[in-house]
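Structure first, then comments.
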Amino acid sequence: MKLGIAGLAGAGKSTVFAALTRTEMDPGLRAEDRIGTVSVPDERIDALSAMYRPRKTIYAQVEYLLPGIGGAKAEGREPAVWTPLRDCDALIHVIRNFRQFGVEDASPAADFTAFDQELILADLVVVEKRLERLEAERQRGRKFDAEEHALLSSCREVLEREEPLRRSPEIALAHTLKGFAFLSAKPLLALFNNEDDDDALPSIDAVTGTEVCMVLRGKLEQELSLMPDQEALEFMEEFDISASATDRVIRKSYAVLGRVSFFTVGDDEVRAWTVPEGTEAVEAAGVIHTDMKKGFIRAEIVSYDDLMEAGTYAEARKRGTVRLEGKTYLIQDGDIATFRFNV
């Protein structure tokens with residue numbers, strides 16, 4: 001699960017990245033792509049680990065990418081900053097909502113729209129180039145992919161209306177278009193970077209139910225991320241911050257991508273796994289190992305809450321809350337799964 005941090009100049013992207021990854025800002029690295037890998041805190045993993053006392057406890061992880069700013073636009077190519085973002089599962093659009101000396105007052109609504117237009121234009125360039133190539137192939141009598149042409153034509157119609165592709169999921173999620181990695185089709189977390197004393201979410205007409213929104217007081221929370229735990233807790237209480245920036249953004253990251261966590265447990269390892277909502281049991285097994293998917297027989301499932309209430313797996317089995325499920329069972333958040341397979 002990888003999310004790219006993007007936005008207009010001066011929005012505070014580096015500050016947000018530093019707050020999420022609990023690192024200090026280094027101006028010398030601004031030209032380089034930076035990736036921070038963050039373990040997903042989960043009290044359920046802690047409780048399962050206390051129950052099983054395994055040799056290893058492995059949390060789920062999220063990657064946050066901050067593209068370097070050194071990539072100028074090359075002849076005939078898009079700005080280099082877009083390239084690493086195309087490889088991300090979702091985007092975090094950082095929007096300035098704080099005062100800055102010598103700079104115009106923040107305008108979150110205008111900035112949200114302006115950046116969305118950049119994404120739309122970048123995708124439109126890709127679509128038009130590919131359509132031109134497909135037309136040329138058809139005129140030469142070469143093999144022509146009519147489905148791809150129709151989908152790209154639909155993309156062009158949406159983009160020419162100045163709408164991001166994420167608002168047309170039937171097009172954005174089409175398997176035929178997956179390789180294009182359209183920027184405006186990616187799920188979007190709109191993160192408003194507020195003043196230290198402002199935790200209000202701005203009201204923006206351009207934001208629809210398609211986007212997930214949140215507020216982060218970037219400068220304050222980057223400083224908090226570097227404090228000793230006890231000192232940070234005291235400041236968080238003073239500023240009415242319920243959880244760390246990392247924890248809150250991770251929760252929103254899961255929400256914008258529609259991800260759930262399931263667990264595998266045992267004496268050797270307790271581990272969290274992340275899959276999209278609606279993932280079938282056989283596909284979840286394949287996330288652990290391809291052999292499990294290939295030789296899938298059944299899944300033994302118990303919910304985290306049922307296991308905790310029972311106290312032990314054996315007691316949960318006696319109560320009938322451990323059940324057998326087939327390939328098409330949809331994994332639920334908090335499921336504890338044991339996959340039976342034979343290869």
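Looking for something more than 30 Å from THR274 (Cα to Cα), of a type outside the set (D, E, K, R) and assigned to a helix (DSSP H, G or I) - is there at least one such residue anywhere in segment 69-88?
no
Return the only residue of SER253, SER242, SER303 being of a type in the set (S, T, N, Q), more than 27 Å from MET51 (Cα to Cα) and surrounded by 13 or more Cβ atoms within 10 Å (Cβ to Cβ).
On the way: SER242 fails: surrounded by 13 or more Cβ atoms within 10 Å (Cβ to Cβ); SER303 fails: more than 27 Å from MET51 (Cα to Cα).
Checking each option against the conditions leaves just SER253.
Just a yes or no: is a residue in segment 209-231 farther than 21 Å from PRO108 by Cβ, assigned to a loop (DSSP other than H, G, I, E, B) and free of Cβ contacts under 8 Å to residues at least 12 places away in the same chain?
Taking every residue of segment 209-231 in turn, at least one turns out to be farther than 21 Å from PRO108 by Cβ, assigned to a loop (DSSP other than H, G, I, E, B) and free of Cβ contacts under 8 Å to residues at least 12 places away in the same chain.
Just to be sure, is VAL81 in contact with a helix residue (DSSP H, G or I) (Cβ under 7 Å, 6 or more places away or on another chain), under 23 Å from LEU188 (Cα atoms) and either surrounded by 15 or more Cβ atoms within 10 Å (Cβ to Cβ) or touching a residue at least 60 places away in the same chain (Cβ under 8 Å) (or both)? Walk me through how you get there before you give the answer.
On the way: in contact with a helix residue (DSSP H, G or I) (Cβ under 7 Å, 6 or more places away or on another chain): no; under 23 Å from LEU188 (Cα atoms): yes; either surrounded by 15 or more Cβ atoms within 10 Å (Cβ to Cβ) or touching a residue at least 60 places away in the same chain (Cβ under 8 Å) (or both): yes.
The answer is no for VAL81.
Could you list, in sequence order, all residues of segment 320-343 that are loosely packed, with under 13 Cβ neighbours inside 10 Å and part of a loop (DSSP other than H, G, I, E, B)?
The answer is GLY320, GLY326, THR328, ASN342, VAL343.
Mind listing whichever residues of segment 55-78 are modelled with pLDDT of 90 or more, surrounded by fewer than 17 Cβ atoms within 10 Å (Cβ to Cβ) and out of contact with any Ser or Thr (no Cβ under 8 Å at 6 or more places or on another chain)?
Hits for segment 55-78 are ARG55, LYS56, ILE58.
Which one of these does TYR52 not meet: (1) farther than 25 Å from PHE112 by Cα; (2) surrounded by 15 or more Cβ atoms within 10 Å (Cβ to Cβ); (3) modelled with pLDDT under 90?
With respect to (1) farther than 25 Å from PHE112 by Cα; (2) surrounded by 15 or more Cβ atoms within 10 Å (Cβ to Cβ); (3) modelled with pLDDT under 90, TYR52 is out only on (3).
Quick test for you: out of GLU135, GLU163, pick the one residue that is farther than 29 Å from ASP247 by Cβ and either more than 22 Å from the chain's Cα centre (by Cα) or in a helix (DSSP H, G or I) (or both).
GLU135
Cβ-Cβ distance below 7 Å, separation of 6 or more or different chains: which pairs start in segment 158-186 with a residue that is more than 12 Å from LEU119 (Cα to Cα) and end on one that is among the aromatic types (Phe, Trp, Tyr)?
Every condition considered, the pairs that remain are ALA172/PHE182.
Answer yes if at least one residue in segment 237-244 is modelled with pLDDT of 90 or more and touching a Leu at 6+ places or on another chain (Cβ under 9 Å), and no otherwise.
There is no residue in segment 237-244 that is modelled with pLDDT of 90 or more and touching a Leu at 6+ places or on another chain (Cβ under 9 Å).
Scanning segment 267-282 for residues that are in contact with a helix residue (DSSP H, G or I) (Cβ under 7 Å, 6 or more places away or on another chain) and at pLDDT 95 or above, which turns out surrounded by the most Cβ atoms within 10 Å (Cβ to Cβ)? Can you show your working first?
The initial filter retains those residues of segment 267-282 that are in contact with a helix residue (DSSP H, G or I) (Cβ under 7 Å, 6 or more places away or on another chain), namely 267, 270, 272-273, 275, 282.
Cutting the leftovers down to at pLDDT 95 or above gives us 270, 272-273, 275, 282.
Values: VAL270: 26, ALA272: 19, TRP273: 18, VAL275: 20, VAL282: 19.
The qualifying residue surrounded by the most Cβ atoms within 10 Å (Cβ to Cβ) is VAL270.
Where in segment 236-319 are there strands (runs of 3 or more DSSP E), lying wholly inside it, with at least 1 residues that are of a type in the set (Asp, Glu)?
269-276, 296-303
Given the conditions (1) in a loop (DSSP other than H, G, I, E, B); (2) under 22 Å from the mean Cα position of the chain (by Cα); (3) modelled with pLDDT under 95, and given that LYS178 satisfies all but one, which numbered condition is not satisfied?
Unmet for LYS178, out of (1) in a loop (DSSP other than H, G, I, E, B); (2) under 22 Å from the mean Cα position of the chain (by Cα); (3) modelled with pLDDT under 95: (1).
So, of the residues in segment 267-310 that are hydroxyl-bearing (Ser, Thr, Tyr) and closer than 15 Å to ILE336 by Cα, which turns out to be nearest to the chain's Cα centre (by Cα)?
The extreme case among them is THR274.
For segment 318-337, name all the residues that are more than 22 Å from TRP273 (Cα to Cα) and touching a residue at least 12 places away in the same chain (Cβ under 8 Å). Steps first, answer last, please.
Within segment 318-337, the subset more than 22 Å from TRP273 (Cα to Cα) is 318-320.
The one that is more than 22 Å from TRP273 (Cα to Cα) and touching a residue at least 12 places away in the same chain (Cβ under 8 Å): ARG319.
Considering only segment 1-49, state which residues are surrounded by 14 or more Cβ atoms within 10 Å (Cβ to Cβ), assigned to a loop (DSSP other than H, G, I, E, B) and of a type in the set (A, V, I, L, M, F, W, C).
MET1, LEU8, ALA11, VAL40
So how many residues does segment 94-110 have that are closer than 17 Å to ALA200 by Cα and modelled with pLDDT of 90 or more?
Counting residues in segment 94-110 that are closer than 17 Å to ALA200 by Cα and modelled with pLDDT of 90 or more gives 8.
The values are calculated or read from the model by the stated rules, or taken from the named source; none is laboratory data. Since we're looking at a predicted model, the values are computed, not measured. Here the Cβ is made from the backbone with ideal geometry for all residues, glycine too, and neighbour counts use every protein chain on show.
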